[in-house]
Structures are given as C-alpha cells and as structure tokens.
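Report on the structure given below.
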Amino acid sequence: MDSAVDVTRTPPAFPIAPLSIYWFLYFTGLGIFYPFYSLYLRDNAGLSGTQVGIVMATLPLVGMVAQPLWGQIADRSGARSTVLALLTVGSALGYTALTSLKGFTALVLGTAALAAAATAVVPVSLSVTFAALRGAGPHAFGFVRVWGTIGYLLAVALFPWALQRWTPASADAGASALAVMFPATAVFTLAAALVWPWLPRRSPAVLRAGRGEWRILLRSAPLRRLLAFCLVAYLFLQGPMSLFPLFVRQRGGDLTTIGHMWIVMLLLEVPLVALSGAGLRRFGARGLLGVGVLAGGVRWTVCALSHDLAILYPIQLLHGVVVTGLLLGAPLYLELIVPDRLRSTGQGLLATVSIGIGGILSNAACGWLIDHIGMDATYAIGGIGGLLLGVSIRLVLPEPQMDTDDYR
C-alpha cells in the first residue's frame, strides 16, 4: 500500500457538507453540458468531425495556460476558496455566452473563453477539498467527491428526458432543443458558486507558496514520471470519450440512447468513488491509476469490435473504473508527492499535461481519424494503447512518497 501523507482528514469541527454541495451542484451542470456538447456541435451547429475535434480540443488547449496560472494564483495568495468561487462564476458566464454563438469560428472563440475559467475549476476544487479533509481518514474524500458523480448521474438521466418532454414530436426531436443546455448548465454552476461563504478558510487550505517555488516541482522524478504517464493515458483515452456521442450515433443510437449510456456509465462510478478510500488502502494510488487505464483500454477495444447495443451498454460500466482509477488515482498520487503549499499548482500542472496536452492531441487526432479511417479504427487505437500503457505502469511509476530533498 502506498505510504505517505493521509490525504483525507478533516478537523472534527469542520462541516464537510458545503464541499459536498459544491461538488453536487457543479457536476450537475457538467452532466448537462459535457455528454452532449460534441453532439450539439455536429448536429445543431453543423460542424464536420474535424471541426468538432478542434472545438473540443480548445478546452484543454486554453487549459494548458489557465490551469497552472490559476493554481499559482491560489497557492501564492492562499485564498484557494475565493479563487475557486471566482472561477465558478466565470464558468457560469462562459456557458451563458455559448447560447447565442453560431458558426465554427465563433464556437471556437466562445469555447476558449469558457475554458479560461472552467478548466481550472476541478484542479482548484481538488486542492481545496484535499486541504479541508486532511486527516479525516481514507474514506472522507470519496464520500465528498461522490456527490459530484451523483449530480452528474441525475443530469444525464433527466436532461434528455426533459428535452423529449419539451419537444415530443419524434424520437429525436429533443436534439433540436439542445441549446438549452447552456443556460441550464450556467444556472447550476452559478448555484455552486453561492456556496463560497461556507468553503474552508483555515490551514492548510490557506498555506501560501513563495515566489517562484513552483519551479521546484519539476525537480521531482516521481512527478515527472506521473506527468508522462498521464499524458499518454489521456492521449489514448480522452478523445474517444469526448466524441462518444458521435460513436453512439454511428452505432444507430439517438439522444435518448446517449443519455441511457451515461446512466450505465455512472451506475458503477457512484459506489466506486464513494468507496475509493478502500481502493486506496488496498491498491494504493499507483494501483488505482493502473486499473483505471486498463479499464479504459478494455472499454474502447470492445466498443471498436462491437456494433451490438446489447454489448455496448454493459461495457460502459467500466467508465466508473476509469474515473476512480485515472481521474481520482492520478490526483491522489500527486497529493502524496507534493508539499501542501504547492498543491494547487501541482494539480494544475497535472491537469495541464494530461487533460491539456493529452486532451488536445487526442481530441484533434480522433476527429481527424473518424473522418479519414472510420470510427472503429479510431476506437481500436485508443483501446489497444490504453491496454499496453496499463500493463506497463510498474515500469513507469514508483511507489508514491514525498522526497523532501526535491522541495528545498
């Protein structure tokens, strides 16, 4: 089991309810937006596969700058909760602005403006949550973070249903009303920002980093290896996820099918995230990360080989394993190898390299591959790459532990 810092301990008097409410509201908005944005771009905005890939790649492209920048602002000021609230308000404004944008260029620019705030929200919220929960035991983080998954699940289950009720003339009539996703997402995002007065403002959430201290992060060999591993993982796994609505369309599904697929994805994610502390104790952060990447490889390989929705539905259960392993395992691993005062910068750097660089390359490549070699080959490449990377994790990553010599 990975040794080191206990990443989840809350001062006994500190209520964790505000953090849970924040994760729930913010991820409810994400559950309305992200599963359907690429479908909106293709069907409603009329963009080509390559153009959809470019728009989706804009999010991580801008995030490459926004995530470490906001992480540094949070660490240098010590006001991580306030920075988080400002980013959340900025995200709400960005979602609202997308409502009136038409055409490829306008959508690229609008998505870029959204990304300037939205891409930094999760890294900063992780740093706030880890700081607030330090010492509460291995299960506390999972019990807080799972409310984000519950909100996401409710959104993907109810949003397509609401659209169908709004425009019930045909089985896929709701697609024409997809633009309502933007104001709906903005409402939940803004509601999350209103939790700000109750977010933590005590040590270690307010520790400050010194000027230029972010540079010492790059001295850590385990951190460099983690960044390299996650870069390749997202290269293989992110693009197929971002363009998943197009995959479902190609397999004969409609908007309702996409929503149902997301429900299946999240059914296993809820208990796995809630019990991620048990997984952390059993496998360690490195083990969680490896299992997540392997699950992603299996998932996309099966998707590439099958056209039967009866097979494609249950295989989406592996999404929960990917989230628990990759999206939680990597930040947990990083939390074990960086000092408290640099946690926001570290999480921002991880997001920049993985979701940023890896996501840019993966989204753009998958959009191009779908247009030129087809859907099946695109998903096969992602799946096989994920499998090969997952089995090699012990060769790439050491057991996580803090090396204090690296941070002096």
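The values are calculated or read from the model by the stated rules, or taken from the named source; none is laboratory data. Predicted model, so just to flag it, every value in this text is computed and none were measured. Positions of Cβ are backbone-derived with ideal geometry, glycine not excepted, and every protein chain shown enters the neighbour counts.
Side notes on the structure shown:
- Condition met for Val264 (under 27 Å from Leu178 (Cβ atoms), among the aliphatic types (A, V, I, L, M) and surrounded by fewer than 24 Cβ atoms within 10 Å (Cβ to Cβ)): yes
- Selection of the range 279-322 for residues being assigned to a helix (DSSP H, G or I) and among the small types (Gly, Ala, Ser) yields Gly279, Gly284, Ala285, Gly287, Gly290, Gly292, Ala295, Gly296, Gly297, Ala304, Ala310, Gly320.
- Cβ pairs under 9 Å, 6+ apart, first in the range 215-229 and more than 13 Å from Gln347 (Cα to Cα), second among the aromatic types (Phe, Trp, Tyr) and crowded, with 21+ Cβ neighbours inside 10 Å: Pro222/Tyr333
- Candidates in the range 297-353 are the residues that are polar (S, T, N, Q) and farther than 26 Å from Ala117 by Cβ; of these, the one that is modelled with the lowest pLDDT is Thr324.
- Filter result (buried (at least 24 other Cβ atoms within 10 Å of the Cβ), without any contact (Cβ under 8 Å) to a residue 60 or more places away in the chain and closer than 26 Å to Pro200 by Cα) within the range 84-113: Leu87
Per-residue answers, yes or no, for (1) basic (Lys, Arg); (2) under 21 Å from the mean Cα position of the chain (by Cα):
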site: Arg42; (1), (2): yes, no
site: Gly46; (1), (2): no, no
site: Gln51; (1), (2): no, no
site: Leu59; (1), (2): no, yes
site: Ala66; (1), (2): no, yes
site: Leu84; (1), (2): no, yes
site: Leu93; (1), (2): no, yes
site: Ala106; (1), (2): no, no
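- For the range 354-368, filtering for residues that are of a type in the set (A, V, I, L, M) and either over 17 Å from the mean Cα position of the chain (by Cα) or modelled with pLDDT under 85 (or both) leaves 4.
- Residue among Leu101, Leu126, Leu87, Leu69 that is assigned to a helix (DSSP H, G or I) and under 27 Å from Ala179 (Cα atoms): Leu87
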